[in-house]
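The values are calculated or read from the model by the stated rules, or taken from the named source; none is laboratory data. These figures come from a predicted structure and were not determined experimentally. Virtual Cβ from ideal backbone geometry, glycine too; neighbours counted across all protein chains shown. Remember, those area values only see protein heavy atoms, side chains included, never the ligands or the DNA or RNA. Shrake-Rupley method; radii C 1.70, N 1.55, O 1.52, S 1.80 Å.
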Amino acid sequence: MSYHSDGIAPHGGQLVNRIATPEQRQEFLSKADFLPRVQLDERAVSDLEMIAIGGFSPLTGFMNQEDYNRVVTEMRLANGTVWSIPVTLSVNEEVAAPLSEGGLIRLDNRAGQFIGVLELTQKYHYDKTREAIHVYRTNDSNHPGVKVLYNQGSVHLAGDVWLLEREPHALFPKYQVDPVESRHLFQEMGWKTVVGFQTRNPIHRAHEYIQKCALEIVDGLFLHPLVGATKEDDIPANVRMRCYEILMEKYYPHNRVLLAINPSAMRYAGPREAIFHALIRKNYGCTHFIVGRDHAGVGNYYGTYDAQHIFNEFKPEELGIVPMMFEHAFYCTRTQQMATSKTSPSLPEERIHLSGTKVREMLRRGELPPPQFSRPEVAAELARAMQIPVDTYDI
């Protein structure tokens, strides 16, 4: 594992910064009305932001064809650096046709606001089915990641980007901690080893259990929920964040956990996204990364521990971050505590299995998860969000 002046080295060795300087911003603004425009969807806005703040280091822009092809087939950039998920800007033929390689493109959000600039170096077509099979391990359009892929444009625009200005997050400004800042905070807190945790769900007790197991080994926990684009049936980010706050207030040591948002969008790419999520946390300064059951999975597209097995395909020094593998955690009714099959003497019928999917299903049916499943205060918060009478649950 290599180290940097502010802790573990970022992926590729240097933390990328593609936020425009005041001088660059002024120059871009002066050209705004004369530049061709491309409107970004929610995922592309997140990708632009993550590139700019260094979360996707070593990427400095949207991938060219050589990088894209090698990432799709080999999980590496053209120079051999490990990278598992394509980060591309897709447009349809009509948008791409008038754009000239070598020129600047104005990037707008869905509200038509000027938020970034792309220096267009390449336009290229790509095979959507090929990407689906390699990246998502399926070409089934019911898979949420494949569905997004099939619905996007047929042309990729490649080149370096600049984010016009780093603005506070609309919903969670106090939790907007970029990689430069998280690295400084880890140093200030004296954390030499930090484990990152990825989630798109409210934290249930299985999550809490494996996080606290990890905390027995490392100095600090970086609780880093994803707040970018997710599936429509996922619990909204503001509800999830309140649940994390409750746990931080009542159930975690205050000096050993840092809560911050991850602006990324979910791909639901299972094993490949586990590698992607680990590299992102490496850029934020984490030395370790928790990989549990079915990481970034959806439906039955991936095996329970495929996201752990994929780490064996790379040399440890190529990843530069240590995966911490955990079995499926459950509540053991015999010992009356959280456990895994490694530590519990229980029979299958003595185990209450926990998952974010089960929480969502129960809430949609108007049911509240039991205390063995979620902390009572968290269940009550979810009930309020889902408009379930809270008095049906004893907190």
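Note down all Cβ pairs under 9 Å where the first residue falls in the range 20-42 and is touching a residue at least 24 places away in the same chain (Cβ under 8 Å) and at negative phi, the second is part of a helix (DSSP H, G or I) and open to solvent by 80 Å² or more (accessible area, probe 1.4 Å), and they're at least six residues apart or on different chains.
What qualifies is A20/Q26; A20/E27.
Name the residue that is farthest from N109 (Cα to Cα), counting only residues in the range 218-238 that are surrounded by 15 or more Cβ atoms within 10 Å (Cβ to Cβ) and touching a Pro at 6+ places or on another chain (Cβ under 7 Å).
Out of the qualifying residues, it is I235.
Specify the residue that is most open to solvent (accessible area, probe 1.4 Å); the eligible residues are those in the range 285-309 that are farther than 17 Å from H353 by Cα and aromatic (F, W, Y).
Y301
Can you tell me which residue is modelled with the lowest pLDDT among those in the range 271-320 that are part of a loop (DSSP other than H, G, I, E, B) and among the basic types (K, R)?
Here the residue is R293.
Taking the stated definitions as given, is N262 open to solvent by 30 Å² or more (accessible area, probe 1.4 Å) and among the polar types (S, T, N, Q)?
So N262 does not fit the description; no.
Closer than 30 Å to G12 by Cα and either modelled with pLDDT of 90 or more or buried (at least 16 other Cβ atoms within 10 Å of the Cβ) (or both) - does that describe any residue in the range 356-366?
Checked against the condition, which is being closer than 30 Å to G12 by Cα and either modelled with pLDDT of 90 or more or buried (at least 16 other Cβ atoms within 10 Å of the Cβ) (or both), the range 356-366 yields no hits at all.
Considering only residues that are outside any loop (DSSP other than H, G, I, E, B), in contact with a strand residue (DSSP E or B) (Cβ under 7 Å, 6 or more places away or on another chain) and within 22 Å of L247 (Cβ to Cβ), which ones fall in the range 330-382?
F330, Y331, C332, M338, A339, I352, H353
Could you list, in sequence order, all residues of the range 245-280 that are in contact with a Phe, Trp or Tyr (Cβ under 9 Å, 6 or more places away or on another chain) and of a type in the set (F, W, Y)?
Result: Y268, F276.
Among the helices (runs of 4 or more DSSP H) contained in the range 118-217, which hold 3 or more residues that are open to solvent by less than 60 Å² (accessible area, probe 1.4 Å) and at pLDDT below 95?
In the range 118-217, 205-215 are the helices (runs of 4 or more DSSP H) which contain 3 or more residues that are open to solvent by less than 60 Å² (accessible area, probe 1.4 Å) and at pLDDT below 95.
Could you grab me the full set of residues in the range 96-117 that are of a type in the set (K, R) and buried (at least 16 other Cβ atoms within 10 Å of the Cβ)?
Passing the criteria: only R106.
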